[in-house]
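I have a structure here, written as structure tokens, and I will follow up with some questions on it.
Computed from the coordinates by the stated procedures, all read-outs in this text should not be read as laboratory data. Predicted, not measured: the structure shown is a model, and the values here were computed from it. Using ideal geometry, Cβ is built from the backbone for each residue, glycine included, and neighbour counts are taken over all protein chains shown.
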Ligand code: ADP
Ligand code: ZN
């Protein structure tokens, strides 16, 4: 048989967004997806939680034809098929936990050509009858989940998996995706030997980029902060990410005035201009690119020395992807991010105003919260970042918190004041009002609601407003209180917060950093 011609019928990014509701690929996913769509087989070793399923589901849906997923666990198959169906994908499973009738009708749908992804246990697939039947279909992809089960070297060898080795001969030219979270060198070799006939690529992703120093600072006068930073990075290739097109232009202009070779890049520029600017950045040295998120995809410049975020990115995935453009050559590089309460408010508004399902919004909020927890991290930032992607590590020694450990203050008293104010006002007010109450302000809103008569009113007047804002942020990051997006961003107590009021758990906070030295330009937001 000739290798099947696989037609690409959808863009991988459209599939990611329309079917799965995500805007960005996670680290590692895109390369694997591209390789499979390009018709090559893949062995991917990715940590649990890294998002392996998407690596074969996206190509399956981007290419014409039927994709077969081999999975050892019925429960896993059922979960995935149910989730896919919910997302509107024609997916089926054939396995022994399903009665004959259900299997027959699943097969009928497959036979009619409507099914895009078919999940099967290996022993079902590896019958002569099934292989023969499938050879009459246009198969776009085989995906083998938990591929380490193929190897006798591994701890979870399954004899049914051993036969999968014939796939490459039976279906020449069809890419095979072997996915696993746990494969040491010997196991990997073994899987490759059994599965792959022609060319293939192996991806082993740990998420750590140890040469990138991680820094986060509270946004004060951001222009001064940026200039101070750049003073120490003159002549280096760098990217400065800004939220808006206008800000990119403004920053590029300001930096040019300060003698930097700075250019702006955003989607508002016409195509030729964009590629000319991108080309300058890639080919010349010492260029500082002031860009929106429109910049970066597919840019391979190994010696980018820093990535500076003047604003909070949209999610922890986006952040990781953006800082990952620094230090590809393995030499020391630097990531520096500014964030403040305004950023968080803005990002929440973006999500609230999005025209999307509540479920999607909730997921976006939780991703944003993970980024805030990272920004507010009191310990090693790399640990926080990697733990989001399912990896555990020792403190890295190469982030701001490792280099100069933050001194924490016991904040039980402060946290209790905030919690009292939230509870006494009925859990329906946002941060600004809660802080007004705690600080004893007599705003119209406070007086109208008679919150000046509350027990907690004014109990925290000795602490400044910015410090309170920071405390509340850190309480959110610590999970004591949460922001209700459905309810006008009101603060609510969480279960953890409830436990805290009963004396369960502690709350420590970082005191607001002192103001910066530079005083020449003013903060324009
Ligand atoms: P694994 O099989 O590697 O353990 P999963 O495929 O179950 O991981 O994915 C783990 C979680 O990550 C899932 O909730 C999935 O929806 C989510 N996820 C995967 N890819 C992305 C992405 N690009 N953006 C956001 N979330 C993602
Ligand atoms: Zn660290």
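7 Å from Cα along Cα→Cβ at both residue 232 and residue 14: what's the point-to-point distance in nm?
Those two pseudo-labels are separated by 4.7 nm.
Provide the packing ranking of 19-32, 339-352, i.e. peptides ordered by the mean count of other C-beta atoms within 10 Å per residue, highest first.
Going by the mean number of other Cβ atoms within 10 Å, highest first, we get 19-32, 339-352.
Once label points are set 7 Å from the Cα along Cα→Cβ at both residue 101 and residue 345, what is their separation, rounded to one decimal in nm?
6.0
Here's a follow-up. Ranked highest first by the average count of other Cβ atoms within 10 Å around their residues, in what order do 394-403, 496-505 fall?
My ranking of the peptides, most packed first, is 394-403, 496-505.
Test of understanding: what is the full-extension gain from residue 34 to residue 162, defined as 0.36 nm times their sequence separation minus their Cα-Cα distance?
Full extension from residue 34 to residue 162 adds 43.3 nm.
Using the basic label-point model (7 angstrom from Cα toward the beta carbon), what is the residue 152 to residue 64 distance in nanometres?
Each label point lies 7 Å from its Cα, and together they span 4.3 nm.
Same structure, new question: For residue 75 and residue 246 in one chain, what is 0.36 nm times their gap in residues minus the Cα-Cα distance, to one decimal in nm?
Stretched out fully, the residue 75 to residue 246 stretch lengthens by 56.5 nm.
Would you calculate, for the chain, the mean residue ellipticity at 222 nm contributed by helices, counting each DSSP H stretch of 4 or more residues as -39,500 (n - 2.57) and dividing by all residues, to the nearest 500?
-12000 deg cm²/dmol
Kindly list the residues of the range 414-435 that lie in the label zone of residue 442, defined by a backbone N under 20 Å from the point 7 Å along the Cα-to-C-beta vector.
433-435
If r is the Cβ-Cβ distance from residue 211 to residue 453 and R0 is 56 Å, what FRET efficiency results, to the nearest 0.05?
0.45
Hey, quick one: spin label on residue 189, modelled 7 Å out along Cα-Cβ, who in the range 147-173 has an amide N within reach, i.e. under 14 Å?
152-154
Moving on to the next point. Subtract the Cα-Cα distance of residue 488 and residue 112 from 0.36 nm times their separation in residues, and report this length gain in nm to one decimal.
Gain on stretching residue 488 to residue 112: 130.4 nm.
Given R₀ = 25 Å, FRET efficiency for residue 461-residue 352 by Cβ-Cβ distance, to 0.05?
Rounded to the nearest 0.05, the efficiency is 0.20.
Note down the Stokes-Einstein diffusion coefficient of the chain in µm²/s, whole number, using a Kirkwood radius over alpha carbon pairs, 20 °C, and 1.002 mPa s.
83
Taking a virtual spin label 7 Å from the Cα of residue 136 along the C-beta vector, which residues in the range 95-118 bring their backbone nitrogen under 15 Å of it?
107-114
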